[in-house]
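Enquirer: Have a look at this one before I ask anything.
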Amino acid sequence: MGAAMRRIQAGNALSAFGLGFTVPYLYVYVAQVRDLGAGTAGAVLAVFAMAALVVLPFTGRVIDRRGPLPVLVGGALLASVGALAMGVSGSVPAAVLSATLLGAGTAVMQPALATMIVWCASPTTRTRAFATQFFLANLGLGVGGLIGGQLVDESRPGSFTLLFSIEAVMFLVLAGIALTVRLPRPGALVGVVPQDPQDAGDGAAGPGPGPGPGHVAGDGRGGGMRALLSHRAMLQLCVLGFVLFFACYGQFESGLAAYGTEAAGIDPSTLGIALAANTAVIVIAQFVVLRLVERRKRSRVIAAVGLIWALAWVIAGYAGLGHGSQLMATVAFISTYALFGLGEAMLSPTVAPLVADLAPASMVGQYNSAFALVKQLALAVGPAVGGPMGAALHGPYIVTFVLFSLGITALALRLGRQLTPVQDQPSLATASRVVVRHQPETGPEAALAPTR
């Protein structure tokens, strides 16, 4: 890992640490501490998500034209202002405006950070770089949430102001670290082989579904979103990504939480233990899992995640619909979150690098932003659908998400047919280079080669 990558990862970890201080307590802060009511708290959370949906469609083009660094710094500064404003918000307009700034700032930081990682990693090291990013982000969120829980006091609004101030400072630290990073020029990316951008779309029927590691498509001039929308493999990956985020992250704090408390009788405090178990599995298993998946086909790894999550939903069904003891229901519910964490650890070195490998060299920002937009849509739709179902329709809720998880497996296997061998299994690129490097000489030149 080079100096630039180390700084990017450090900034990513510290900003996640700051987010961990406030994310678990935002609803309580607005509804109870500031006494603005549950309706306002819900509106603030909705505005936080909607702000991301508004800015992400424009973020990718700015990244590709101006580079990811100014976008990341601008987003971090915007998020810092939003966090500070949220810490002193005492009225509905102030809370909504603060959520808008905070949501927009954190949203544009995601594709900017992803693009910086792509620029600073070679095609063969992207898998490990994105796995490290996910590991550090979860570690930062977990530690931040743990420390924030010790500082927060609902009877003292000042304790929440402190939390939001710490979050704001962490965003400023991220901006400062980012400004010290020297990014390579996009044209100097390791392993880039120019290619007609129109070649990035038609799967087996044409020249290939797009660039893989060591084979990034050309400049994409004149293509823009039209080129992205004509890229069949990327579209399939976006559909798969929506289902992934809808069936997992979109249920964590809404449908699954409602199901656990209503159907399984889980104590609300147990939800925190379940989320901690999820984070612990990610932190402990990430690099063990990485060794297992980095030399396997990405499509099959994602397909396996679908099966693991289907099992997780079945166990959740037992927690709420079975007839075991309360202890067994609690253990089953926590196990559900742990299995989700295992699947997340498998996805982190798989999905984000695949987005980068599919992108033309000058459209990495737009591809990352498009995928971030899909994620945000899933996170907005997931609670709206899963929340009411989890609270009232317990059996249909479990069946629905078991089917969604099995759908992940089917979509992943279908996506695999659109990928080149190297896109699906990046380790093949390394193996092929080794074979070429050690290929024995043949022909007349071999007779002239020196012997030892």
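The values are calculated or read from the model by the stated rules, or taken from the named source; none is laboratory data. Computed from a predicted model, the values in this text were never measured in an experiment. Glycine also receives a Cβ, built like all others from the backbone with ideal geometry; neighbour counts cover every protein chain displayed. In case anyone asks, the SASA skips ligands and DNA or RNA and just uses the protein heavy atoms, side chains included. Shrake-Rupley method; radii C 1.70, N 1.55, O 1.52, S 1.80 Å.
Enquirer: Could you compute how much accessible surface Thr125 exposes when probed at 1.4 Å, giving the result in Å² to the nearest 10?
Expert: Looks like 60 Å² after rounding.
Enquirer: Right, next: Leaving out ligands and nucleic acids, and using a 1.4 Å probe, what accessible area per residue does the chain come to in Å²?
Expert: On the way: 19340 Å² over 452 residues.
Value for the chain: 43 Å² per residue.
Enquirer: Using 0.36 nm per residue, how much length does the chain from Arg417 to Ile284 gain when fully extended, once their Cα-Cα distance is taken away? Kindly include the intermediate steps, with their values, before the conclusion.
Expert: Numbers: separation 133, 0.36 × 133 = 47.88 nm, distance 3.23 nm.
Net length gain for the segment: 44.6 nm.
Enquirer: Add -39500 (n - 2.57) for each DSSP H run of 4 or more in the chain, then divide by its residues: what number comes out at 222 nm, to the nearest 500 deg cm²/dmol? Spell out each step's value before the answer.
Expert: Numbers: 19 runs with 334 residues, N = 452.
Calculated mean residue ellipticity at 222 nm is -25000 deg cm²/dmol.
Enquirer: Further question on the same structure: Report the relative contact order of segment 294-370, percent, no decimals, based on alpha-carbon pairs under 8 angstrom and at least 6 residues apart. If you can, show how the numbers build up before the last one.
Expert: Values: 48 pairs, mean separation 27.4, N = 77.
It rounds to 36 percent for segment 294-370.
Enquirer: Among Gln366, Cys248, Leu327, flag the residue with its Cα farthest along the positive direction of the charge dipole of the chain, charges on Cβ as +1 for Lys/Arg and -1 for Asp/Glu.
Expert: Value computed over the given set: Gln366.
Enquirer: Summarise the accessible area of the chain (1.4 Å probe, protein heavy atoms) by the percent that is carbon and sulfur. Before the final figure, lay out the partial values.
Expert: Working: 12900 of 19340 Å².
Of all accessible area on the chain, carbon and sulfur atoms account for 67 percent.
Enquirer: At 7 Å along the Cα-to-beta-carbon direction for both Ser325 and Leu151, put a label point, then send me their distance in nm to one decimal.
Expert: 4.0 nm
Enquirer: Hey, another quick one. Once you place label points 7 Å from the Cα toward the Cβ at Ala94 and Leu292, how far apart are they in nm?
Expert: For Ala94 paired with Leu292, the spin-label model returns 5.0 nm.
Enquirer: What order, most packed first, do the peptides 171-183, 33-45, 10-22 have when packing is the mean number of other Cβ atoms within 10 Å of each residue?
Expert: Working: 171-183: 18.5, 33-45: 16.8, 10-22: 24.2.
Answer by packing, highest mean first, reads 10-22, 171-183, 33-45.
Enquirer: I would also like to ask the following. What are the ³J(HN,Hα) values, in whole Hz, obtained from phi via the Karplus relation 6.51 cos²θ - 1.76 cosθ + 1.60 with θ = phi - 60°, for each residue of segment 384-400 in sequence order, with x given for Gly and Pro?
Expert: 5, 8, x, x, x, 5, x, 7, 10, 10, 5, x, x, 4, 5, 4, 4
Enquirer: So what is the relative contact order of the chain, in percent, for Cα pairs below 8 Å that sit 6 or more residues apart? Provide the component values of the computation, followed by the final result.
Expert: Numbers: 788 pairs, mean separation 103.2, N = 452.
Relative CO of the chain lands at 23 percent.
Enquirer: Taking the structure as given and computing mean projected area of the Cα convex hull in nm², which label from (1) 24.4; (2) 21.0; (3) 25.9 fits?
Expert: Matching the structure shown: (1).
Enquirer: Could you rank Glu167, Glu294, Glu154 by how accessible they are, 1.4 Å probe, largest area first?
Expert: On the way: Glu167 0, Glu294 60, Glu154 110 Å².
Result, largest first: Glu154, Glu294, Glu167.
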